[in-house]
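Student: Have a look at this one before I ask anything.
The values are calculated or read from the model by the stated rules, or taken from the named source; none is laboratory data. Note that the structure is predicted; figures quoted are calculated from it, not measured. Cβ coordinates were reconstructed from backbone atoms using ideal geometry, including for glycine residues, and neighbour counts include every protein chain displayed. Ligands, DNA and RNA are excluded from the accessible area calculation, which covers all protein heavy atoms including side chains. Shrake-Rupley method; radii C 1.70, N 1.55, O 1.52, S 1.80 Å.
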Amino acid sequence: MADAQDNHGGLLFPPIERIQKEAHISSFKQYEDMYKQSIEDPESFWKEIAKQFYWKSEPTGKFFDYNFDSRKGPIFIKWMEGATTNICYNALDRNIDRGLGSKIAFHWEGNNPEDGGHITFNKLYEQVCKFSNVLKSMGLKKGDRVAIYMPMIIELVVALLACARIGVIHSIVFAGFSSESLAERILDASCRAIITSDGVWRGNKLLNLKHIVDEAIIICEKRGHKVERCIVVRHLSPSDEIITEDGDGDCTTEPPAKRPSRQLKIQWSDRDSWWHKLMELQDAVCEPEWMDAEDPLFMLYTSGSTGKPKGVLHTVAGYMLYSATTFKYVFDYQPDDIYWCTADVGWITGHTYVCYGPLNNGATGIIFEGVPFYPDAGRFWQIVDKYKVTKFYTAPTAIRALMKFGDDFVTRHKRTSLKILGTVGEPINPEAWLWYYNVVGNKRCAVVDTFWQTETGGHVITPLPGATVTKPGSATFPFFGIVPALLDEEGKEITEAGKEGYLVFKQPWPGIMRTVFGNHERFETTYFKKFHGYYCTGDGAKKDADGYIWVTGRIDDMVNVSGHLLSTAEIESALVEHAAVSEAAVVSHPHKIKGECTYCFVTLKEGFSFSKDLSVELKNKVREKIGPFAQPDFVQEAPGLPKTRSGKIMRRILRKIAVGDKEVGDISTLADETVIDKLFQLRPADA
Ligand code: 6R9
């Protein structure tokens, strides 16, 4: 058992001996040596790693090349250009060739604890080949975009890998987004087809995914884009009655035995096809499309500060190297591991650490359809015991929410298989870190707090479990190839310990995004214009006297709600769509479980008055427009907003008002100072 050491009042956690013993990187010195090589000679570092993969042909030009300074020309990043490979081939065929065919690739754990199954690498290969052939039979080809809006089921991974196999760019949209948000993403990428399922149970809620997709397709049609095909997985159990318009639904009218009986009505049209019917007709062999290293692999939308989501684009080879390497070292992957990342594949964490990273290492993973509190708050640990999970990865918001239910839900399960506990998505408060370490990990597991972004493709600042002495709340040190710096507002590097600055990176690593889909200019403006020569994360951070990096959170107009990034502009534009609202300003607000939540100030149009009902209506508006996870916690009336003479809303002041802090700071640039008092008076009682 490892206990903390005291470090000037802070806690230090040295690597756990039993983990260190088997670790790929088992001392800080070894990390430092490898790190040094990775930044001084990235070419030879990544060339060595590239040898683990299958390449149809070798790079034709420079191994890597880039420009991070827009004054010198367009921003670009290229790794291994001219080399050809296929990430699906590497994940499946290569692993089968090295004898892993009968190994389990995924255990599937349903929302209902009695639902489950598994798939081996052989079987996954067969399913993926068949589905690649389905896509091909529809005329889909390299470079086309396909949207995926699916629950956490094996078919989701099959769909993703099949796209990758034939060079179709997948654009996965988390199946919690509204039809509007889904439509916006389909339109931006001009997706030719969409893959979904009939519905899904989440906890005790039944969601009609097909209906949301139908609505999104109608919105797209109205805006001039036709989605040609919609493929629907028959996922609900035969006892969930499905009624389709043409009766093509393998219907049964028997009520479900153990679950609440519900009918799911879905519409059916010419563009729709059942997944299983299409699969029946296909061959289980499909030659992969040999892709250039820099061909696009997937796009994934992330919130942008202007409100319009950005399609972050990743390419084949760099992402493959980086996702696999971070997975191997950060979770210290060993062949007998049972690895579980609880993230939904609809987010980047699911792309990199449910699918691509583990599969390219030949790991056995878990796909969990449900939620942490169903049937009770012990579900995670019950699953850990059921499969003997060794490496577990989740988000601070889940940890905090589970903490609230007390230790009992954890300690009634054994958890003796656990070795490494990861966290991602937002800064983890030391209290949650310590609970994770002491209670969940029983003081015998390493905690890795991994900082990264959709844009970075994989972990960029993170401890290594066998090498790094950790401090609760710090993501510690850069991964291989990452050169971080902290800049002040003027772009000068901060060297002083404890001083906060903008977290930036000086040179590219293989997994960094290459562009914003269809808008390279936005890519340059968002990440490279604020500080020339650096990739700017949009996060603030500081370094302590020991060189540890502490990420403090977003410093742009982004809010991190339960680990999901939302832009305040996006919420504001949903609010002003309501007939009563003339202007809205949204700020982030601390929240015990979610980390942050949103607090909305709304100015009403003449003739409207504020009420509880209106507040509820506005919250629902955001929910419908963006998705349930975006629902604001607070809405308050604002007869006037604090604005500068040039008309800029001073959000800094609104954040103070939201928390009831009268020390609002400098207000000399305000056009009208009297609004502040009024806003304090109108704060809702529960804020
Ligand atoms: C992987 C992912 C990225 C933003 C990022 C930052 C926050 C993620 C963090 C963290 C502190 C950590 N973030 N991990 N902040 N410590 N360990 O979450 O991607 O959805 O794009 O969010 O999340 O603010 O900029 P994404």
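Student: Hey, among LYS78, LYS141, LYS123, LYS72, which residue is within 22 Å of ALA363 (Cα to Cα) and of a type in the set (D, E, K, R)?
Tutor: LYS123
Student: Taking region 574-613 on its own, how many of its residues are hydrophobic (A, V, I, L, M, F, W, C) and out of contact with any strand residue (DSSP E or B) (no Cβ under 9 Å at 6 or more places or on another chain)? Don't jump to the end; show me each part of the working.
Tutor: Start the filter on region 574-613 by keeping residues that are hydrophobic (A, V, I, L, M, F, W, C), which leaves 574-576, 579-581, 584-587, 593, 597, 600-602, 604, 608, 610.
Now narrow it down to the ones that are out of contact with any strand residue (DSSP E or B) (no Cβ under 9 Å at 6 or more places or on another chain): 579, 593.
Result for region 574-613: 2.
Student: Looking at the structure I just gave you, is GLY370 under 20 Å from the mean Cα position of the chain (by Cα) and within 16 Å of the ligand (Cβ to nearest atom)? Steps first, answer last, please.
Tutor: Numbers: under 20 Å from the mean Cα position of the chain (by Cα): yes; within 16 Å of the ligand (Cβ to nearest atom): no.
No, not satisfied.
Student: Suppose the filter is over 25 Å from LYS388 (Cα atoms) and open to solvent by 20 Å² or more (accessible area, probe 1.4 Å); does GLU126 pass it?
Tutor: Working: over 25 Å from LYS388 (Cα atoms): yes; open to solvent by 20 Å² or more (accessible area, probe 1.4 Å): yes.
Judged against the criteria, GLU126 is a match.
Student: May I ask you to list the residues in region 219-234 that are open to solvent by less than 10 Å² (accessible area, probe 1.4 Å) and assigned to a strand (DSSP E or B)? I'd like the intermediate steps shown before the answer.
Tutor: So in region 219-234, the residues open to solvent by less than 10 Å² (accessible area, probe 1.4 Å) come out as 220, 227, 230-233.
Residues satisfying the conditions are CYS230, ILE231, VAL232, VAL233.
Student: Take the residues in region 500-538 that are within 21 Å of VAL316 (Cβ to Cβ) and among the small types (Gly, Ala, Ser); name whichever of them is least open to solvent (accessible area, probe 1.4 Å).
Tutor: My answer is GLY511.
Student: Taking region 518-530 only, how many residues are more than 15 Å from the ligand (Cβ to nearest atom) and touching a residue at least 12 places away in the same chain (Cβ under 8 Å)?
Tutor: Step one: of region 518-530, the residues more than 15 Å from the ligand (Cβ to nearest atom) are 518-522, 524-525, 528-529.
From what's left, touching a residue at least 12 places away in the same chain (Cβ under 8 Å): 518-520, 522, 524, 528-529.
Total satisfying the criteria: 7.
Student: So which residues in region 623-651 are surrounded by 15 or more Cβ atoms within 10 Å (Cβ to Cβ) and assigned to a loop (DSSP other than H, G, I, E, B)?
Tutor: The answer is ILE626, GLY627, GLN631, PRO632, ASP633, ALA638, GLY640, LEU641, PRO642, MET650.
Student: Now, a different point. Has region 8-15 got any residue that is loosely packed, with under 14 Cβ neighbours inside 10 Å and closer than 29 Å to TYR548 by Cα?
Tutor: Yes, region 8-15 contains at least one residue that is loosely packed, with under 14 Cβ neighbours inside 10 Å and closer than 29 Å to TYR548 by Cα.
Student: Given the options VAL469, VAL460, VAL447, name the one that is among the aliphatic types (A, V, I, L, M) and in contact with a helix residue (DSSP H, G or I) (Cβ under 6 Å, 6 or more places away or on another chain). Can you show your working first?
Tutor: Numbers: VAL469 fails: in contact with a helix residue (DSSP H, G or I) (Cβ under 6 Å, 6 or more places away or on another chain); VAL460 fails: in contact with a helix residue (DSSP H, G or I) (Cβ under 6 Å, 6 or more places away or on another chain).
The conditions single out VAL447.
Student: Now for a separate question. Output the residues belonging to region 577-610 that are of a type outside the set (A, V, I, L, M), surrounded by 21 or more Cβ atoms within 10 Å (Cβ to Cβ) and closer than 18 Å to LYS678 by Cα.
Tutor: TYR599, CYS600, PHE601
Student: How many of the residues in region 652-687 are in a loop (DSSP other than H, G, I, E, B), of a type in the set (Asp, Glu) and modelled with pLDDT of 85 or more?
Tutor: As a first pass, look at region 652-687 and keep what is in a loop (DSSP other than H, G, I, E, B): 660-669, 671-674, 682-687.
From what is left, the residues that are of a type in the set (Asp, Glu) are 661, 663, 666, 672-673, 686.
Next, from what is left, pick out any that are modelled with pLDDT of 85 or more: 661, 663, 672-673.
The number of residues fulfilling the criteria is 4.
Student: Only one residue in TYR393, TYR339, TYR356 is modelled with pLDDT of 95 or more and either among the basic types (Lys, Arg) or under 20 Å from LYS594 (Cβ atoms) (or both). Which one?
Tutor: Numbers: TYR339 fails: either among the basic types (Lys, Arg) or under 20 Å from LYS594 (Cβ atoms) (or both); TYR356 fails: either among the basic types (Lys, Arg) or under 20 Å from LYS594 (Cβ atoms) (or both).
None of the others qualify; the one that does is TYR393.
Student: I'd like to check which helices (runs of 4 or more DSSP H) are fully inside region 28-104 and have at least 3 residues that are among the aliphatic types (A, V, I, L, M) and surrounded by fewer than 16 Cβ atoms within 10 Å (Cβ to Cβ). First the steps, then the outcome.
Tutor: Numbers: elements: 28-40, 42-50, 87-91.
So the answer is none; nothing clears 3.
Student: Return the residue satisfying two criteria in turn: it lies in region 591-609 and is touching a residue at least 60 places away in the same chain (Cβ under 8 Å) and in a loop (DSSP other than H, G, I, E, B), and of such residues it is nearest to SER181 (Cα to Cα).
Tutor: Within region 591-609, the subset touching a residue at least 60 places away in the same chain (Cβ under 8 Å) is 592-596, 599, 601.
Adding the requirement that they be in a loop (DSSP other than H, G, I, E, B) leaves 592-594.
On the way: LYS592: 27, ILE593: 25, LYS594: 22 Å.
Per the criteria, the residue is LYS594.
Student: Do you know which residues across region 539-552 are under 20 Å from THR302 (Cβ atoms) and crowded, with 20+ Cβ neighbours inside 10 Å? Walk me through how you get there before you give the answer.
Tutor: Initial filter on region 539-552 (under 20 Å from THR302 (Cβ atoms)): 539-541, 551-552.
Of everything in region 539-552, those that are under 20 Å from THR302 (Cβ atoms) and crowded, with 20+ Cβ neighbours inside 10 Å turn out to be ASP539, ALA541, VAL551.
Student: Now a separate question. Could you tell me which of the residues ALA485, ALA497 is open to solvent by 30 Å² or more (accessible area, probe 1.4 Å) and touching an Asp or Glu at 6+ places or on another chain (Cβ under 6 Å)?
Tutor: On inspection, the qualifying residue turns out to be ALA497.
Student: Another one. Of THR352, THR390, which residue is of a type in the set (Val, Ile, Thr) and surrounded by fewer than 24 Cβ atoms within 10 Å (Cβ to Cβ)?
Tutor: Details: THR352 fails: surrounded by fewer than 24 Cβ atoms within 10 Å (Cβ to Cβ).
Residue meeting the stated conditions: THR390.
Student: How many residues, within region 306-322, are within 12 Å of the ligand (Cβ to nearest atom) and outside any strand (DSSP E or B)?
Tutor: 1
Student: Could you please tell me which pairs satisfy a Cβ distance under 6 Å, a separation of 6+ or placement on different chains, a first residue in region 645-663 that is free of Cβ contacts under 8 Å to residues at least 12 places away in the same chain, and a second residue that is open to solvent by less than 30 Å² (accessible area, probe 1.4 Å)?
Tutor: LYS656/VAL664
Student: Within region 297-336, how many residues turn out to be among the charged types (D, E, K, R), open to solvent by less than 10 Å² (accessible area, probe 1.4 Å) and under 16 Å from THR525 (Cβ atoms)?
Tutor: We begin by selecting, within region 297-336, every residue among the charged types (D, E, K, R); these are 308, 310, 328, 332, 336.
If we keep only those that are open to solvent by less than 10 Å² (accessible area, probe 1.4 Å) as well, we get 310, 332.
Next, only the ones that are under 16 Å from THR525 (Cβ atoms) stay: 310.
Here the count works out to 1.
Student: Of these, GLY553, GLY563, GLY538, GLY533, which one is away from the ligand (no atom under 16 Å from the Cβ) and small (Gly, Ala, Ser)? Give the derivation first.
Tutor: Values: GLY553 fails: away from the ligand (no atom under 16 Å from the Cβ); GLY563 fails: away from the ligand (no atom under 16 Å from the Cβ); GLY538 fails: away from the ligand (no atom under 16 Å from the Cβ).
None of the other options fit; the residue is GLY533.
Student: Moving on. In region 405-429, what residues are open to solvent by 30 Å² or more (accessible area, probe 1.4 Å) and within 17 Å of GLU596 (Cβ to Cβ)?
Tutor: Residues of region 405-429 open to solvent by 30 Å² or more (accessible area, probe 1.4 Å): 405, 407-409, 411-414, 416, 419, 425, 427, 429.
Hits for region 405-429 are GLY425, PRO427, ASN429.
Student: Given (1) polar (S, T, N, Q); (2) modelled with pLDDT under 70; (3) within 19 Å of MET150 (Cα to Cα); (4) open to solvent by 60 Å² or more (accessible area, probe 1.4 Å), where does GLN267 come up short, assuming only one miss?
Tutor: Just one mismatch for GLN267, condition (2).
Student: Quickly run through region 199-217 and pick out the residues that are out of contact with any strand residue (DSSP E or B) (no Cβ under 6 Å at 6 or more places or on another chain) and of a type outside the set (S, T, N, Q).
Tutor: Within region 199-217, TRP201, ARG202, GLY203, LYS205, LEU206, HIS211, ILE212, ASP214, GLU215, ALA216, ILE217 qualify.
Student: Is there any pair linking a residue in region 535-551 that is within 19 Å of GLU455 (Cα to Cα) to one that is within 12 Å of the ligand (Cβ to nearest atom) and basic (Lys, Arg), with Cβ under 7 Å and at least six apart or on different chains, and which?
Tutor: Within 7 Å, the pairs are GLY538/ARG554; ASP539/ARG554.
Student: Scan region 388-433 residue by residue and report those that are more than 24 Å from the chain's Cα centre (by Cα) and either within 25 Å of THR462 (Cβ to Cβ) or of a type in the set (Val, Ile, Thr) (or both).
Tutor: Result: LYS388, VAL410, THR411, ARG415, THR416, SER417.
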